[in-house]
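Working notes, beginning with the structure itself.
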Amino acid sequence: MIDRTRTYDDDMSAAQPSEEYVRALERALCTTLEMPRLCMQKRCRRARRCKGDPAECRALAETILTPEVIEGATLFLSQKIEGGSFDKVVAMSADGLEAFTLWVTHIAPSPPEHTMPTDTR
């Protein structure tokens, strides 16, 4: 039997993601943007991922990063979650992906240089 007492608004409210889900996505975005490297909270820097308030982290990201960087990270993360391909992200926003890639390569640590030990005889 069809429930005719339900409305479109009822269906829309049921489709809203939970607060925990939204918070987890914000944390994932902050981690994707490498924001824990700039975070003032020691637990975020140690874990190398957002462990604090993702809203504060996102506010900082929106203050210091261009919209293209955030757009590129958001597209990259959404395609990663959905199992999409890298080519699809490039097709959606090549400029955003390029800006995001430049940011990540700029802020990510470079690998340590390995040097050969010298003989000090």
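Side notes on the structure shown:
- Stretchable slack from Met92 to Leu38, in nm (0.36 nm times residue separation minus alpha-carbon distance): 16.6 nm
- Computed log₁₀ I(q)/I(0) - Debye formula, equal Cα scatterers, no solvent, segment 18-64, q 0.20, 0.21 Å⁻¹: -0.53, -0.58
- Sequence ranges 84-97, 43-56, 63-76, ranked by mean other-Cβ count within 10 angstrom, highest first: 63-76, 43-56, 84-97
- Rough spin-label spacing in nm, given labels placed 7 Å along Cα→Cβ, for His106 and Ile64: 1.1 nm
- Straight-line cross-link reach from Lys42 at under 19 Å between alpha-carbon atoms covers these lysines, not counting any fewer than eight positions away in the same chain: Lys51.
- Scaled against 2.2 N^0.38 Å for its residue count N, the alpha carbon radius of gyration of segment 65-108 is 1.05.
- All lysines inside 16 Å of Lys80 as judged from Cα atoms, apart from same-chain residues fewer than 8 positions distant: Lys88
Here, each number is a calculation from the coordinates, and none is a lab measurement. These figures come from a predicted structure and were not determined experimentally. FYI the Cβ positions are ideal-geometry reconstructions off the backbone, even for glycines, and counts take in every protein chain you see.
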